[in-house]
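The values are calculated or read from the model by the stated rules, or taken from the named source; none is laboratory data. Please read all numbers here as calculations on a predicted model, not as lab measurements. Methodologically, a virtual Cβ is constructed for each residue, glycine included, from the backbone with ideal geometry; neighbour enumeration extends over all protein chains shown. To get the accessible areas, we keep the full protein, side chains included, count just its heavy atoms, and leave off ligands, DNA and RNA. Shrake-Rupley method; radii C 1.70, N 1.55, O 1.52, S 1.80 Å.
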Amino acid sequence: MARHEQHRRSRPGWPLLLLCSLLGCSATTSSRNVRTAGLVALIDVTSEQPEQAVVAAGVVVGGQHSNTHVVLEGGDRLIASCDGEQHAMTSVGNGSYEARFARGDGEFVVGLVRDVDAPAPRSVGRMPVPFEITSNFPDTPISRANDPLTVSWSPGGTDAEVSIEIEGDCIHSADLQIPGDPGTFVIEPGKLTAWKNQEKEACNAALRLVQTKKGQADPALSAHSSVVLRQIRATRFVSGP
């Protein structure tokens with residue numbers, strides 16, 4: 001009985017751990033506590049303008065959806081580079097790092113430098129080809145019920161995955177996956193729908209066209225690591241009944 005009571009007193013934190021498991025609490029740990037093979041690096045390179053790209057990296061332990069963030073400490077650091085331009089990635093939050101580039105194309109490399117375990121010098125990916133939306137939408141409302149919405153962009157015919165994201169004040173959000181990269185896509189009448197009781201309203205809508213490619217994380221990192229590269233362009237139109 002005494003041993004049982006001692007065992008219970010030796011684990012005073014288990015209700016908190018259980019609560020965090022249920023509620024999804026966030027936690028942090030030092031990189032000094034984790035071997036390189038256990039580090040999950042989630043690298044995202046995004047360009048929303050032709051002469052600009054942001055390299056973002058989240059470092060966690062335990063899988064892609066883990067909420068245990070890894071803070072790089074000691075001699076551990078991330079370095080991003082592209083065609084001769086190199087930047088040390090700076091912390092923008094626990095386990096989150098960022099670098100900005102004055103270019104929106106090329107091959108991006110993120111290297112993890114370590115002084116306590118093996119480095120991971122080359123997580124790499126090439127950006128999709130920069131493009132522009134060439135559709136010229138009118139200032140007047142485009143009918144959701146009667147008018148096709150033609151979205152065009154150039155260049156097309158690349159090997160990137162393409163999607164169109166639409167959201168507006170009076171319409172349901174839409175996320176459309178476009179087979180191949182045709183350079184033009186027609187959203188048929190009736191595809192966009194209004195919120196209940198707003199069917200007769202017109203509203204401003206934002207359209208984002210996203211081209212995505214996947215890169216290759218350094219094999220020294222956890223197999224859950226990833227590299228995703230995106231070109232994003234945006235425009236607006238008026239959605240009408």
Report summary line: When restricted to LEU176, LEU209, the only residue buried (at least 19 other Cβ atoms within 10 Å of the Cβ) and either closer than 30 Å to LEU42 by Cα or out of contact with any helix residue (DSSP H, G or I) (no Cβ under 6 Å at 6 or more places or on another chain) (or both) is LEU209
Report summary line: By my count, strands (runs of 3 or more DSSP E) wholly in segment 154-241 with at least 3 residues that are closer than 30 Å to ARG35 by Cβ are 226-240
Requested in this report: Please state which one of GLU188, GLU201, GLU167, GLU161 is out of contact with any His (no Cβ under 9 Å at 6 or more places or on another chain), within 27 Å of VAL110 (Cα to Cα) and open to solvent by 60 Å² or more (accessible area, probe 1.4 Å).
Outcome: GLU161
Requested in this report: Take segment 74-102 and flag every residue that is touching a residue at least 40 places away in the same chain (Cβ under 8 Å) and either farther than 16 Å from ALA27 by Cα or assigned to a strand (DSSP E or B) (or both).
Outcome: GLY74, GLY75, ASP76, SER96, TYR97, GLU98, ALA99, ARG100, PHE101, ALA102
Query raised in the report: Quick check: is even one residue across segment 128-146 closer than 27 Å to ALA220 by Cβ and surrounded by 16 or more Cβ atoms within 10 Å (Cβ to Cβ)?
Result: yes
